[in-house]
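Heads up: the structure comes next, in structure tokens.
Only the coordinates and a few stated rules stand behind these numbers; no lab work does. Given the structure is predicted, the values throughout are model-derived calculations rather than measurements. FYI the Cβ positions are ideal-geometry reconstructions off the backbone, even for glycines, and counts take in every protein chain you see.
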Amino acid sequence: MIRKDEGLAFMLRYENVAWYENGAVRILDRRIYPTKIEFVTCRTHEEVAKAIADMVTQSAGPYTAAGMGMALAAYESRNMPEKQMMDYLKKAAHTLSHARPTTVKRMSQITDGCIKVAKEAMGKGEAVDESIFNNTIDSLNRRYSIMEKVGENLVDMFPDKGAIMTQCFGETIVGMMLRVAKKRNKDIKLFVPETRPYFQGARLTASVAYDQGFDTTVITDNMPAFIMKTNKVDLFTSAADVICLDGHITNKIGTYQIAIVAKYHGVPYFVTGIPDKGHDTVSTVTIEKRDSRMVLEARGIKNTLDGVKGYYPAFDITPPHLISGVVTDKGIYSPYDLHRYFETNVEQFY
């Protein structure tokens, strides 16, 4: 198998996202990377679900962790009779897919796929954990390949010597768009908002961009308007945790305000990803509320007096009139025309 993570940054290599081996799942702790390079080792699928909920892995990382967690669940139940094992795997699938509420539909596609693989492996007398592990690697390769096509279409919109603003950490698309840009000798520079309270932009996006050889500048979350006005930003782009078929997108909190600023300054905003067939309208999206204490501190250092309140919705919703286009593997679509994506054959993504 030709792996599609060749030439990508350290944290996008498969083994450094989430990896099942010898009855455990090892996950790179993105909460502290790159200050420290440490892995969280999970010995049960419940520990994998907790690692997902606790933000040990973020962006698309939980999708890989869920698959690896299902392999671990198969290992845990390896000595059970088939029916009991299948019941155990179904419960594990629910636990893993519901670790975070906003992405339940996408995560369920992954865990449901693992259940299907488990049934096939049982029928053939093959090791279920190995079959699910191999399926997860195949899924990773497929997702990276599809996102490379998305990257090709996105980079078509990058001007030579352009300035690109990002938001949060788009995982695979960040690595793929930069790999494509490098192949095309696109001399671009990136402005990366820090993305509090977890600082995914500063720690993850900036690390990947710098690892892959690009001029990278981190800015605070209250700088995008000024930077767009004074530094001639050519394009704003982000991934999305949900792309609803009515054109609304859900992404890391802060995306909405940058989209407003981009519209005001005439900077095109391109969302990357695959439309979510399970979300016909934005009304189906649940916005996750996380521990409010996180906004009262910065990387563990408290910034407020006792008694001051915090509020932390993890995502916000950007309406279609602020979006220039949704960049997919099939091309760039208007946010008002996303149903058309499904008129031709759709390659399995998750």
* To do: Using 0.36 nm per residue of separation minus the Cα-Cα distance, give me the extension gain between His98 and Met294 in nm, one decimal.
  => 68.4 nm
* Asked: When the helices in the chain are scored as -39500 (n - 2.57) per DSSP H run of 4 or longer and the sum is shared across all residues, what 222 nm value do you end up with, to the nearest 500 deg cm²/dmol?
  -> -11500 deg cm²/dmol
* Structure fact -> In the neighbourhood of Trp19 defined by beta carbon distances under 11 Å, the net charge of the other residues (Lys, Arg +1; Asp, Glu -1) is 0
* Structure fact -> Residues whose modelled amide H sits under 5 Å from the amide H of Val242, counting only those 5 or more places away in sequence or on another chain, are Thr250
* Compute the length gained on full extension between Arg340 and Asp160: take 0.36 nm times their separation in residues and subtract their Cα-Cα distance, giving the result in nm to one decimal. => 61.7 nm
* Given labels modelled 7 Å from the Cα in the Cβ direction, how far is it in nm from Tyr33 to Tyr210? -> 1.5
* **Nearest-0.05 FRET efficiency for Phe10 and Asn222, computed from C-beta distance (R0 51 Å)** => 0.95
* May I ask for the angle, rounded to the nearest 10°, between helix 172-183 and the longest principal axis of the chain, with both axes built from Cα atoms and the value confined to 0 to 90°? => 60
* Quote the relative contact order of the stretch 148-343 in percent (integer), defining contacts as alpha-carbon pairs under 8 Å separated by 6+ residues. => 23
* With both partners inside the chain, how many of the DSSP beta bridges are antiparallel, as a percent to the nearest 5? => 55
* What's the extension gain from Met122 to Ser145 if we count 0.36 nm per residue and subtract their Cα-Cα distance? -> 5.4 nm
* Asked: Do any of Lys4/Lys277; Lys105/Lys252; Lys182/Lys330 go past 19 Å between their Cα atoms, and which?
  -> Lys4/Lys277; Lys182/Lys330
* What spacing in nm lies between the two simple spin-label points modelled at Asp138 and Tyr312, each 7 Å away from Cα in the Cβ direction? -> 3.8
* Asked: aspartates and glutamates within cross-link reach of Lys124: Cα-Cα under 14 Å, excluding same-chain residues under 8 positions apart?
  -> Glu82
* Pop out the ³J(HN,Hα) list for the stretch 325-339 in order, Karplus 6.51 cos²θ - 1.76 cosθ + 1.60 with θ = phi - 60°, rounded to Hz; leave Gly and Pro as x. => x, 9, 8, 10, 6, 9, x, 9, 10, 5, x, 8, 9, 6, 4
* Structure fact -> The helix 255-265 Cα axis meets the longest alpha-carbon principal axis of the chain at an angle in degrees, between 0 and 90 and rounded to 10, of 30
* Structure fact -> Computed from the beta carbon distance with a Förster radius of 41 Å, FRET efficiency for Glu152 and Asp112 to the nearest 0.05 stands at 0.90
* Asked: Setting aside same-chain residues fewer than 8 positions from Lys229, which aspartates and glutamates have a Cα under 16 Å from its Cα?
  -> Asp221
